[in-house]
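Undergrad: Quick one: structure below, then a few questions.
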Amino acid sequence: MTAALTARGLEKRYGSTVALGGVDLEVGEGELVGLLGPNGAGKSTLVKIACGLVRPTRGRAEVRGARAGSRDAKRQLGYLAELFRFPGWYSADELLGLHQRLAGSAGGAQERTELLELVGLSEARDRRVEQMSKGMQQRLGLAQALVGSPPLLLLDEPTSALDPVGRRTVRLLLEELQRRGTSVLLNSHLLSEVELVCDRVVILLRGSVVTEGSPADLSKPRGIEIETDEGTTMHDGTREDVPRLVADLVAAGRRVYGVRVLTSTLEDTYLEAVGGETS
């Protein structure tokens, strides 16, 4: 099966500056992949190459088998840039109508209604962009990226301007898109959001992939915390060691009140991968 997005040996240089140094990456059909890394790691450059906004120096990127930037590739993706600007005098409905014409979507008013409902903006249909909060504009940006039901979404920091309620709306939206089989490449600094919704995580550092895998695969055991009548103690081991440890404590006359298996978080893995690099 052809992947939704494929990058092979992707390089991008700006003079002596290396933005990407030979990246291999794949987003499968219906897969949600989180792209992490500090500022300058190459995340936005990779997304822009996939969109066709930037040409690679070497290597190749394909969208469902079509060369990135080609007409066939553009027809199959939706894109929300990190820094976007919509005409302030347009209403939400008018803006989506414009993007329907640009995308060649025949969805009409029904599609616009469904998209506004999906991003929680049904009541703002006739509100002008300039009268919207930054968070509302961000959600409207997500709606325009979904015009025409593209099979691949490229989202560059889609929750950067959102409050916790807005981030939850986006998280639920991403979960719904997963159920629909939409593929997503999500570039974000919010590790907690990525950990919650992504099937797989790719961490970039100085233009190269340094770590990748599912959030579960990237977590590491950190021991077992056991609370007894003598207090809380730490023990080496994994989940499989819990029955033996509890049995030993009970045999020694201890009362066991609680057991917690500790694993590293995505944040721990990320900080280990990027070292002292800052976002």
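Undergrad: Would you please list the contacts, defined by Cβ atoms under 9 Å and residues six or more apart or on different chains, that run from a residue in the range 48-60 that is in contact (Cβ under 8 Å) with a residue 60 or more places away in the chain to a residue that is polar (S, T, N, Q) and outside any strand (DSSP E or B)?
TA: none
Undergrad: Would you call Leu204 outside any loop (DSSP other than H, G, I, E, B) and in contact with a Phe, Trp or Tyr (Cβ under 8 Å, 6 or more places away or on another chain)? Can you show your working first?
TA: Values: outside any loop (DSSP other than H, G, I, E, B): yes; in contact with a Phe, Trp or Tyr (Cβ under 8 Å, 6 or more places away or on another chain): no.
Considered against the rule, which asks whether it is outside any loop (DSSP other than H, G, I, E, B) and in contact with a Phe, Trp or Tyr (Cβ under 8 Å, 6 or more places away or on another chain), Leu204 comes out as no.
Undergrad: Gly9 - would you say it is of a type in the set (Gly, Ala, Ser) and either assigned to a loop (DSSP other than H, G, I, E, B) or surrounded by 15 or more Cβ atoms within 10 Å (Cβ to Cβ) (or both)? First the steps, then the outcome.
TA: Working: of a type in the set (Gly, Ala, Ser): yes; either assigned to a loop (DSSP other than H, G, I, E, B) or surrounded by 15 or more Cβ atoms within 10 Å (Cβ to Cβ) (or both): no.
Spelling it out, it is not the case that Gly9 is of a type in the set (Gly, Ala, Ser) and either assigned to a loop (DSSP other than H, G, I, E, B) or surrounded by 15 or more Cβ atoms within 10 Å (Cβ to Cβ) (or both).
Yes/no per residue for (1) crowded, with 24+ Cβ neighbours inside 10 Å; (2) charged (D, E, K, R); (3) farther than 30 Å from Leu196 by Cβ:
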position: Ala3; (1), (2), (3): no, no, no
position: Tyr14; (1), (2), (3): no, no, yes
position: Thr17; (1), (2), (3): no, no, yes
position: Gly28; (1), (2), (3): no, no, no
position: Gly40; (1), (2), (3): no, no, no
position: Leu46; (1), (2), (3): yes, no, no
position: Cys51; (1), (2), (3): no, no, no
position: Arg58; (1), (2), (3): no, yes, yes
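Undergrad: Then there is this: With Glu240, Glu195, Glu272, Glu227 as the choices, which residue is among the charged types (D, E, K, R), in contact (Cβ under 8 Å) with a residue 24 or more places away in the chain and outside the structural domain of Arg171 (by TED's automatic domain parsing)?
TA: On the way: Glu240 fails: in contact (Cβ under 8 Å) with a residue 24 or more places away in the chain; Glu195 fails: outside the structural domain of Arg171 (by TED's automatic domain parsing); Glu272 fails: in contact (Cβ under 8 Å) with a residue 24 or more places away in the chain.
One residue alone meets the criteria, Glu227.
Undergrad: What number of residues in the range 250-264 are among the hydrophobic types (A, V, I, L, M, F, W, C) and either assigned to a strand (DSSP E or B) or outside the structural domain of Asp236 (by TED's automatic domain parsing) (or both)?
TA: Total satisfying the criteria: 4.
Undergrad: Can you tell me which residue among Glu240, Glu225 is surrounded by fewer than 15 Cβ atoms within 10 Å (Cβ to Cβ), assigned to a helix (DSSP H, G or I) and either among the β-branched types (Val, Ile, Thr) or on the phi < 0 side of the Ramachandran plot (or both)? So that I can check it myself, show each step before the final result.
TA: Values: Glu225 fails: assigned to a helix (DSSP H, G or I).
So the residue among Glu240, Glu225 that is surrounded by fewer than 15 Cβ atoms within 10 Å (Cβ to Cβ), assigned to a helix (DSSP H, G or I) and either among the β-branched types (Val, Ile, Thr) or on the phi < 0 side of the Ramachandran plot (or both) is Glu240.
Undergrad: Have a look at Leu245, Leu249, Leu266 and point out the one that is touching a Pro at 6+ places or on another chain (Cβ under 8 Å), of a type outside the set (D, E, K, R) and surrounded by 15 or more Cβ atoms within 10 Å (Cβ to Cβ). It would help to see each step written out before you state the result.
TA: Numbers: Leu245 fails: touching a Pro at 6+ places or on another chain (Cβ under 8 Å); Leu249 fails: touching a Pro at 6+ places or on another chain (Cβ under 8 Å).
Going through Leu245, Leu249, Leu266 in turn, just one is touching a Pro at 6+ places or on another chain (Cβ under 8 Å), of a type outside the set (D, E, K, R) and surrounded by 15 or more Cβ atoms within 10 Å (Cβ to Cβ): Leu266.
The values are calculated or read from the model by the stated rules, or taken from the named source; none is laboratory data. Quick caveat, the model's predicted, so the values are computed rather than measured. Backbone-built Cβ (ideal geometry, glycine too); neighbour counts: all protein chains shown.
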